[in-house]
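In what follows, a structure is listed as structure tokens, so that the remarks can point back to it.
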Amino acid sequence: MDSCNCIEPQWPPDDLLMKYQYISDFFIALAYFSIPLELIYFVKKSAVFPYRWVLVQFGAFIVLCGATHLINLWTFTMHTRTVAMVMTTAKVFTAVVSCATALMLVHIIPDLLSVKTRELFLKNKAAELDREMGLIRTQEETGRHVRMLTHEIRSTLDRHTILKTTLVELGRTLALEECALWMPTRTGLELQLSYTLRQQNPVGYTVPIHLPVINQVFSSSHAVKISPKCPVARIRPAGKYMPGEVVAVRVPLLHLSNFQINDWPELSTKRYALMVLMLPSDSARQWHVHELELVEVVADQVAVALSHAAILEESMRARDLLMEQNVALDLARREAETAIRARNDFLAVMNHEMRTPMHAIIALSSLLQETELTPEQRLMVETILKSSNLLSTLINDVLDLSRLEDGSLQLDLGTFNLFAVFREVLNLIKPIASVKKLHVSLNLAPDLPEYAIGDEKRLMQTILNVVGNAVKFSKEGSISITAFVAKSELLRDSRTPEFFPVPSDNHFYLRVQVKDSGVGISPQDIPKLFTKFAQTQSTATRNSGGSGLGLAICKRFVNLMEGHIWIESEGLGKGCTAIFMVKLGIPERSNEPKLPFMPKVPTNHGPTAFPGLKVLVMDENGVSRMVTKGLLVRLGCDVTMVSSSEECLRVVSHEHKVVFMDVCVPGMDGYEVAIRINEKFTKRHERPVIVALTGNTDKVTKENCMRVGMDGIILKPVSLDKMRSVLSDLLEHRVLFEAI
């Protein structure tokens, strides 16, 4: 038994098997610990793996398995050889597979992560692009519908067409069952059903504007979903159906109560229309966001179109009204021009016709005054002359006022002697003032220029009117006339803010002050003084006579001369001061002053009679012809009278020194006669002095007389003193044009 010949297998030694197991457990534990780390890395990096908790659980299991093998390193015990061989083989294979798996995961996980991440990224991007494309398609579709609706709405400016087109296009675009528009009534307290899409309800139905649902819609700028059962949504016929969703949106309206042609009206924030839109009944369809946005945009576009239509309507209405007003104004202007022409023609005719009899009255009265009269008769003749002169002045004033009002009167500018004008006024006023024992003084400032450029006649007429008023309304005391150049500090007066003088080097402002010690003027009556035909209410004023035209004409003359006139008085019984300023030009040194115009009441100068002076008188009016002859005969003239142009041309000869003719005669007028006389007498010393004796006071008459070569023009009426002065000036200067 001791000597056994059996052959034992060649197994590794026991210590070598234990070493193999020890090494295998170490690598198994290392692999088991590395695999969970790799799985944790994969789970963390992968965003698409759906079962992360399973990987976590599997990792925990492997870690625990690895921990057991790690613990075995310290718990090795001896086993039987067979068991040791099996365990060693199993652990070696386990270590090889575990390490190979761990190494393979290190290589595979990055590729796996890249594949899954790219796939998920592409999938997410595709989904996002699908959403964006859907949104873009929705926006494009909404934009296309908005453009289409806007084009349809803006294609007209008729309010009814705009609203009806809006409902039709919205109904077609959104597949609506019904669409309606509620407009505010004139009172603003109700909404009236004005337009519907299907026309299933009668237009004109009203609801109160203060309903809560209406206030809710009006207070929001967005489309608001409302109940299908509210009053503004019950516009479909009753039936057994499930109503679709309903939205309402406000439409701002333009408030045109303050519409102006040259300005934009204000947009009222309290005035809206209400648009109601209904989806089809018995359908599950709901309003989408892009559809609500479309409704809101269309509502805004409707508001803009309605505002344009309202502005157009008001503009056309204002234009029509303006055209009517222009037509009426044009008609009124033509009627006014016709009336002015008729008035001027009437005044011209009346002026001429009245001057002819006035010529007879004044001339015959002045002739009668030269005869032997009793004191009572002389008083009567003087009264006739005084009344006639007053009437003649009134005729002149009315004519001047008429010309001033229609703008036909223009200034006759020329160089004149300013000192001579004031001296002439003084000479004319002194005789009248001496009768009332009034002292009249004239004070001309040293710096006042002797010559000036302006209308001499109108300036003298203004001064005479103002001084004449002072004499008229003064019973005693004195009257002072002061004239000086207005300094720059005196040009502007706080009492005359409307007067804006502009100083310059080629003109100056003449300031004239006429102060009297007369009856004075009540302060409340001062504004009335420059109104035509107006007189103050004081007894003294009414007893002084006058037409009430003097100061009215003066004011217009002064305005024409770019000046200003006003009256100052402290009250009744305290006298008054009349002040006016006029603009006059400064003449150049080389300018020669023109001859002074013929004053209304010339002073006596030169010879008092003209014995043997041959004078020819042509006048178709027998009375006027006889009166003129009487004046000339009284002055010692040898007078020949003719009544027609032909007779005048036949009779006139070189022996006649003066020819008085009326230019308004039938047949050949006085202008043609003057031309023929000038042609007949080629030598100037042989030709008689040709003077127009007329009642026409228009400037055309004077221009025509000068054009045909006449030597002068004298206005009727003519008194004996005036005729004496006329003949004296004609014989001395051979020219005399009385200012018109």
With the contact rule set at Cα under 8 Å and sequence spacing of 6 or more, what percent relative contact order holds for segment 614-738? 22
Which value, in Å² and to the nearest 10, is the accessible area of Trp566 when all protein chains are kept and the probe is 1.4 Å? 20
Can you give the accessible area of Cys637 in Å² (nearest 10), computed on protein heavy atoms with a 1.4 Å probe? 10
Per residue, accessible area of segment 614-738 with a 1.4 Å probe, heavy atoms of protein chains only, in Å², comes to 39
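So how do Ile40, Ile479 rank on accessible area, 1.4 Å probe, biggest first, that is with the largest at the start? The partial results should precede the final answer.
Numbers: Ile40 110, Ile479 0 Å².
Output order, biggest surface exposure first: Ile40, Ile479.
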Treating segment 298-371 as a set of equal point scatterers at the Cα positions, no solvent, please give the Debye-formula log₁₀ I(q)/I(0) at q = 0.12, 0.19 Å⁻¹. -0.65, -0.87
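Specify whether the C-alpha gyration tensor of segment 614-738 places it in the rounded, prolate or oblate class, a ≥ b ≥ c being the square roots of the eigenvalues: rounded for a/c under 1.5, otherwise prolate if a/b is larger than b/c and oblate if not. Please report the intermediate quantities before stating the final value.
On the way: a/c = 1.17, a/b = 1.12, b/c = 1.05.
In terms of gyration-tensor shape, rounded.
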Towards the positive end of the charge dipole of segment 307-372, with charges on Cβ (+1 Lys, Arg; -1 Asp, Glu), say which of Met350, Leu368, Thr338 has the farthest Cα. Thr338
Express in Å², to the nearest 10, the accessible area of Ile432 obtained by rolling a 1.4 Å probe over the protein heavy atoms while all chains stay in place. 100
Accessible-area order (highest first, 1.4 angstrom probe) of the listed residues Thr415, Thr89: Thr89, Thr415
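The values are calculated or read from the model by the stated rules, or taken from the named source; none is laboratory data. The model shown is predicted, which means the values in this text are computed figures rather than measured ones. Note that we place each Cβ from the backbone using ideal geometry, even for glycine, and neighbour counts take in every protein chain shown. What goes into the accessible areas is simple: the full protein's heavy atoms, side chains included, and nothing from ligands, DNA or RNA. Shrake-Rupley method; radii C 1.70, N 1.55, O 1.52, S 1.80 Å.
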